[in-house]
Amino acid sequence: MPGSRAQRRIAHRERRRAARRQALLAVASAVVAIGATAGLVEAGQEERRTTAVPEPAPSQRLPPLPAVPVPTALGPGTPSSTTALPPAPEPSRTAPGASAPPTASPTAPAAAPAPPPRTRLFRHPRSQVLDWVRANPGDPRRPAIESRIATRPAAVWFAAHNPGEIAGQVRTVTRGAAAAGRTPVLVPYAIPDRDCGGASRGGAPDLAAYDAWMGEFAQGLGAGPAIVILEPDAIALSDCLTAPERAARFAALARAGDTLRAANPRARVYFDGGHSGWHAPEKQAAALRAAGAATSGDGIFTNVANFHRTADETAYARRVLAALGGPPGLGAVIDTSRNGNGAPAAGQWCDPAGRALGQSPTTRTGESGIDAYLWVKLPGESDGCSGAAGSFTPEYAYALATG
């Protein structure tokens, strides 16, 4: 019957999409750094989750798979054994179903990129590594972990779709950074269909809800310099979507960039550039262009939670930017948290041995077109083998600190 044939065609198409999704997950960049560690905080996530350890990828060029770690709440009233940030005022509320604040007209000229920040980067005072350092004064690993990891600035992740709360949580971080005269690194991570349904699945229920959430996120940016790492993997890991789904996601990312930059012209918004072991620069640039990176952003980020050497990422980022084209001022930031010894051997992605800390976070790289080296994933935060995904494991941290 026609109905039965249609149902069989739908089932066949769904099986093909599932197989394609599994293949693509083998080349996803690792976004296993969403725990609350030395400034790397998953903000506003109240439920506790664990994830299974995925099978290792067979190819040396394949990156680790994503995983969402045990979350830690962030915001006013959250207990912490570390120094508290100034309390944030009551966040503004957005009614369910409300749209994000208006963004620039699509026919308006693109805003010029904000100047790259040249202030010191912010270290969030609530962290697992600081808790461990304080709780273990006699541990022989403590001096190396404290001096080489705990004192370094790192990104703050916002991975929960939590309308009504997100503005206040972002504001808490940006006010703390402004009071310290430093630049925060913020990671909004709530795109719908995040991680193609993999271990880091989640995000907003739909793009309308995502638009509204991003509007609230932008309300907390303040007026000081800020670096926004917009949705790791959202572009590089998008081939699992249908063409219409991908186009809709890219349009949402462009709207997000416009919203963030309109809210704070001093915020630098970077779009997902993957990494040097993934897509060819020309392919990644084409996807970035479709997502509005050249008109709604200030540049690209690469190597998030991965291990590729800084020199390789610098060359790759420059090729992507060249293929992307203007406007002048577009730059790149590189995650250097664990790339001191480069990528591990084939099939080793989960807390691989023999890795080392990379370049310390800084906005003064000395490299043209490279705006910052950042620790987007915090060293010592497990991929899920040395400890639970996202948990701080001192033996892994010490190995990286002394590698």
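Bear in mind that the values in this text are calculations on the coordinates, not laboratory data. The shown structure was predicted, so the numbers you read here are calculated from the model rather than taken from an experiment. Every residue, glycine as well, gets a Cβ built from its backbone with ideal geometry; the counts of neighbours run over all protein chains shown.
Stretched out straight at 0.36 nm per residue, the stretch from Ala345 to Ala262 would grow longer than its current Cα-Cα span by 25.5 nm. Rounded to whole Hz and in sequence order, give me ³J(HN,Hα) for region 199-213 from the Karplus expression 6.51 cos²θ - 1.76 cosθ + 1.60, θ = phi - 60°, writing x for Gly and Pro. Taking θ as phi minus 60°, the curve returns 5, 9, 4, x, x, 5, x, 7, 6, 5, 5, 5, 4, 5, 4 Hz for region 199-213.
Under a 5 Å amide H cut-off, with hydrogens placed 1.01 Å from N, Arg268 pairs with Ala226, Ile227, Val228 among residues at least 5 apart or on other chains. Rounded to the nearest angstrom and listed largest first, the equivalent-ellipsoid semi-axes of region 290-358 from its Cα gyration tensor are 28, 11, 10.
Compute the relative contact order of region 188-264 as a whole-number percentage, counting only Cα pairs closer than 8 Å that sit 6 or more residues apart in sequence.
On the way: 72 pairs, mean separation 29.2, N = 77.
Reported as a whole number, the value is 38 percent.
A full extension of the chain between Arg319 and Ser368 corresponds to an added length of 16.4 nm, given 0.36 nm per residue minus the alpha carbon distance. According to the calculation over all Cα-Cα pairs in region 175-251, the P(r) per 10 Å bin from zero is 17, 44, 26, 12, 1 %. Annotation for Ala356 and Ala248: the two label points, set 7 Å from Cα along the Cα-Cβ direction, are 4.8 nm apart. Amide hydrogen proximity for Ile300: with H placed 1.01 Å from N in the peptide plane, the residues at 5 or more positions away or on another chain lying under 5 Å are Phe271, Gly331, Ala332, Val333. Each principal axis of the Cα cloud of region 230-387 was evaluated for its coordinate range; sorted largest first, these ranges are 41, 38, 28 Å.
Of the trypsin sites (Lys or Arg not before Pro) in region 173-257, which ones lie in a loop per DSSP and count no more than 16 other C-beta atoms within 10 Å?
For trypsin sites (Lys or Arg not before Pro) across region 173-257 that sit outside H, G, I, E and B with at most 16 neighbouring Cβ atoms in 10 Å, the list reads Arg201.
Computed from backbone phi with θ = phi - 60° and the Karplus coefficients 6.51, -1.76 and 1.60, the 3J(HN,Hα) list for region 241-250 is 7, 5, 4, x, 5, 5, 4, 5, 4, 4 Hz; x is used for glycine and proline. 3J(HN,Hα) couplings calculated from phi for region 260-276 with the Karplus curve 6.51 cos²θ - 1.76 cosθ + 1.60 (θ = phi - 60°) are, in sequence order, 5, 6, 5, 5, 8, x, 8, 7, 9, 10, 10, 9, 5, x, x, 7, 5 Hz; Gly and Pro show x.
Calculate the all-directions average of the projected area of region 156-196's alpha-carbon convex hull, and give it in nm².
Working: hull surface 12.1 nm².
Average of the hull's projected areas for region 156-196 equals 3.0 nm².
Under the combined filter of DSSP loop state and at most 16 neighbouring Cβ atoms within 10 Å, region 337-396 retains these trypsin sites (Lys or Arg not before Pro): Arg364. In terms of its C-alpha gyration tensor, region 174-218 comes out oblate, because a/c is 1.5 or above while a/b does not outweigh b/c. Residue separation of Lys283 and Thr151 scaled by 0.36 nm, minus their Cα-Cα distance, works out to 43.8 nm of gained length.
Each label point was placed 7 Å from the Cα along the Cα-to-Cβ direction; for Asp139 and Arg120 their separation is 2.5 nm.
In square nanometres, what is the average projected area of the Cα convex hull of region 311-403? Show your work: numbers first, answer last.
Values: hull surface 27.0 nm².
With the hull built on Cα positions only, its mean projection is 6.8 nm².
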